[in-house]
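I have placed the structure first, in the form of structure tokens, so that the comments after it can refer back to it.
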Amino acid sequence: MKRIALTILTFVFVTNLFPKSNSDMLADNNDTNVKTGIINSTKFPQFSWDHVPVSAHLSIGKKGLTCEQYNFLADHFNFITFSGSSEENIAAAARKIKRFNSNAKILFYWSCDMLKGTYKLSNSTFPVDGYISSTKKEKFTKHNLFDDTRSDVREWWSDVAAKVVQDYSCDGLFVDGVGTMPIKWGRLVDQDKVAELEKGLIIMLQEARKKMGSDKLIIFNALHGDNENIESYGERMLPVADGAMMDDFDRSPEVRQPSKEYLAAEIEEVCRAGKKGKIVIFKGWPGFTWWSDPELMKKSHEEILKLARERITFPLACFLVAAQENCFFCYTWGWKSEYGSLDWYPEFDKPLGEPLGDMVKDGWEISREFKHASVWVNLETKEANIKWKSR
């Protein structure tokens with residue numbers, strides 16, 4: 001067996017907008033003892049520095065994947081998130097993976113803000129009118145957002161979370177939307193109501209934890225770095241979860257060119273969250289996506305993959321200079337299975353070895369040494385180099 005291992009808006013929220021009570025609620029729900037570094041590691045996916053630690057996140061579609069594709073995932077990944085299908089299909093997918101790889105940890109994609117059309121079983125029991133009522137003249141009508149202040153909505157959401165582990169054979173939740181909720185709430189209601197909704201979200205996640213069991217995972221999206229001394233909302237929510245995905249690192253420069261300051265803040269956040277004992281999924285992109293580059297998507301998969309292979313060094317180097325134990329690299333150009341989730345890269349087979357120290361910064365250049373690799377990246381020029389050492 002081989003080694004196992006949207007442009008979403010980057011949102012930050014000023015710390016003093018949150019009531020102290022919500023901060024206290026979060027502080028009481030950190031599974032990690034920061035002083036000792038002790039975590040409930042038995043529920044975490046297997047981690048090793050032997051090679052680049054990797055994770056898969058993909059939609060399996062209405063019909064699921066082929067047996068060969070499930071075999072590929074089970075053979076290459078210990079940490080997988082499934083989305084984009086019915087509850088029954090995701091449950092079947094989780095069982096197939098675990099039949100081939102008993103060590104695999106499977107997450108069920110579960111949005112914290114809106115209904116997803118593929119989850120017909122879950123949607124059928126959603127509380128009547130369980131959405132936020134706008135108090136502003138200009139309504140944000142693109143999405144119907146859950147009203148987390150309602151106990152029946154929280155109970156419905158956490159009951160599905162319980163089914164995820166009890167009936168659907170998954171090991172926890174990938175909770176989408178957490179990192180951007182305040183900006184969505186703020187389009188509908190005033191800041192007092194935003195604070196109430198945040199409190200409801202925290203309670204909802206806590207209730208899900210109780211129903212699933214403390215040995216199950218809660219990973220949310222999205223985590224982002226601080227920006228000009230404004231706290232990342234994703235980092236603020238980390239204590240109530242086991243970790244988070246950083247989904248927007250240099251996602252599509254053709255659409256939005258990230259500044260060197262933004263990239264540096266993202267790298268620092270990966271390091272900071274990892275040192276707190278949290279799982280971090282670093283979503284690397286090849287500089288294009290399925291939606292931002294429609295002309296490229298008309299080319300053959302082989303041509304697109306060739307370009308993705310050529311561009312892996314910069315995002316991978318940025319991940320490696322920041323990565324801590326339980327940090328994982330996920331590299332695709334989209335969320336569907338055909339957007340790179342079922343492809344492999346030579347860099348993933350090369351020996352890495354444990355880091356020999358933390359990252360070293362020199363202006364916008366960052367370097368780090370591993371037992372079998374030397375990593376260098378320049379955030380200003382977006383150049384990078386990984387020198388793989390012979391054993």
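The values are calculated or read from the model by the stated rules, or taken from the named source; none is laboratory data. Because the structure is predicted, anything quoted here is derived from the model rather than measured. In this analysis, Cβ positions are derived from the backbone assuming ideal geometry, glycine residues included, and neighbour counts consider all displayed protein chains.
Each residue in the stretch 374-391 was checked for being polar (S, T, N, Q), exposed (fewer than 14 other Cβ atoms within 10 Å of the Cβ) and either in a strand (DSSP E or B) or modelled with pLDDT of 95 or more (or both), and 2 pass. Can GLU261 be described as charged (D, E, K, R), surrounded by fewer than 22 Cβ atoms within 10 Å (Cβ to Cβ) and touching a helix residue (DSSP H, G or I) at 6+ places or on another chain (Cβ under 9 Å)? No: the conditions fail for GLU261.
A Cβ distance below 7 Å, combined with a sequence gap of six or more or placement on separate chains, defines the contacts here; from the stretch 148-176, residues that are more than 20 Å from ILE219 (Cβ to Cβ) reach residues that are of a type in the set (Phe, Trp, Tyr) and surrounded by fewer than 24 Cβ atoms within 10 Å (Cβ to Cβ) in the pairs TRP156/PHE126.
Check every one of the helices (runs of 4 or more DSSP H) wholly within the stretch 140-258 and list those with 3 or more residues that are under 27 Å from THR125 (Cα atoms) and either in contact with a Gly (Cβ under 6 Å, 6 or more places away or on another chain) or modelled with pLDDT of 95 or more (or both).
Filter on the stretch 140-258 gives 151-166, 191-212.
Going by the structure shown, is LEU342 under 22 Å from GLU68 (Cβ atoms), assigned to a helix (DSSP H, G or I) and of a type outside the set (Ser, Thr, Tyr)? The answer is no for LEU342.
Conditions (1) in contact with a Cys (Cβ under 9 Å, 6 or more places away or on another chain); (2) closer than 26 Å to PHE220 by Cβ, marked per residue:
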| site | (1), (2) |
| --- | --- |
| PRO258 | no, yes |
| ILE279 | yes, yes |
| PRO286 | no, yes |
| SER300 | no, no |
| ALA317 | no, yes |
| ALA323 | yes, yes |
| GLY340 | no, yes |
| PRO346 | no, no |
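The residues listed here are ARG209, ARG272, ARG236, ARG251; of these, the one that is within 17 Å of TYR331 (Cβ to Cβ) and of a type outside the set (Val, Ile, Thr) is ARG251. Tallying residues that are under 21 Å from GLU269 (Cα atoms) and buried (at least 18 other Cβ atoms within 10 Å of the Cβ) within the stretch 296-323 yields 11.
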